[in-house]
Amino acid sequence: MTSQDSAPPASDAWFVTTHWSVVLSAREADSPHSAAALETLCRTYWYPLYAWLRRQGRLSHDAQDLTQAFFARLLQKDYLQAAAREKGRFRTFLLVAFKRFLANEWDREHAQKRGGFVPIVPIDEHVAESRFAAEPSHNLPPDVLFDRQWAMTLLDRTMTQLQEEYIASGRAKLFEYLQSCLAREESALPYAEIATRLKLTEAAVKMAVHRLRARYREILRAEIAHTVVSPEDVEEEIRHLFAAFSS
């Protein structure tokens, strides 16, 4: 498969099948497709909310319970009426709904004994805390850090999918040598040295890097498309999320 073959179609029709578009289009109906799409999004993006709570000073077990309880309520669709299409970024909707849940409903939910929530979205507390502990401390507002963490989640998912594609096609060794070339890291080996190690020409390595970067951009755009409503939103979302790193 070439990068051209694997690229998503550049049309509005593609966005009809993305996760958030499915949720919004069926939010007033009991749609199994909408429910499945929302669950996929929640399973993917639980960590930015968990980290947001930890930045607010919540203890790890409280952050886990709060996040689980919120997703349990969200997946019952009680909050989807607020997901107006014209406001359509899942990132924005999720944080606003989470704040509303914390302000209005957590006291009642927390009357249950700890651990009584249905684990609709699995959260491994050890993994979450290891990830959180590895992040540098910041004095930035939690909402800015939420956007930054969201962007990092997107980048991590993009890299993981890219690696899986290379492994599945028998190019694991190629990916191992080329991944540091994606962002032109200082630790990246010179193309000539990579060529020698892989028994390729330097021109072939340059072409492989070009294709790797192109595929990375395609996957990233597809991941972002899952969380916005229209094709026009993708570029704006990319600019917004990467601006979070310069805050």
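Loop-resident GluC sites (Glu not before Pro) (DSSP state other than H, G, I, E or B) in region 159-247 with no more than 11 further Cβ atoms inside 10 Å of their Cβ: 185, 186. Which net charge results when you count Lys and Arg as +1 and Asp and Glu as -1 among the other residues whose beta-carbon is under 13 Å from that of residue 217? Net local charge, residue 217 excluded: +1.
Note that region 142-247 presents 54 Å² accessible area per residue, ligands and nucleic acids not counted, probe 1.4 Å. The residues packed around residue 241, meaning those with a beta-carbon under 15 Å from its beta-carbon, carry a net charge of -1 if Lys and Arg are +1 and Asp and Glu are -1. Taking Lys and Arg as +1 and Asp and Glu as -1, the other residues whose beta-carbon sits under 11 Å from that of residue 197 total 0.
The values are calculated or read from the model by the stated rules, or taken from the named source; none is laboratory data. None of the values given here were measured: they were computed from a predicted structure. Every residue, glycine as well, gets a Cβ built from its backbone with ideal geometry; the counts of neighbours run over all protein chains shown. With ligands, DNA and RNA removed, areas are computed over all heavy atoms of the protein, side chains included. Shrake-Rupley method; radii C 1.70, N 1.55, O 1.52, S 1.80 Å.
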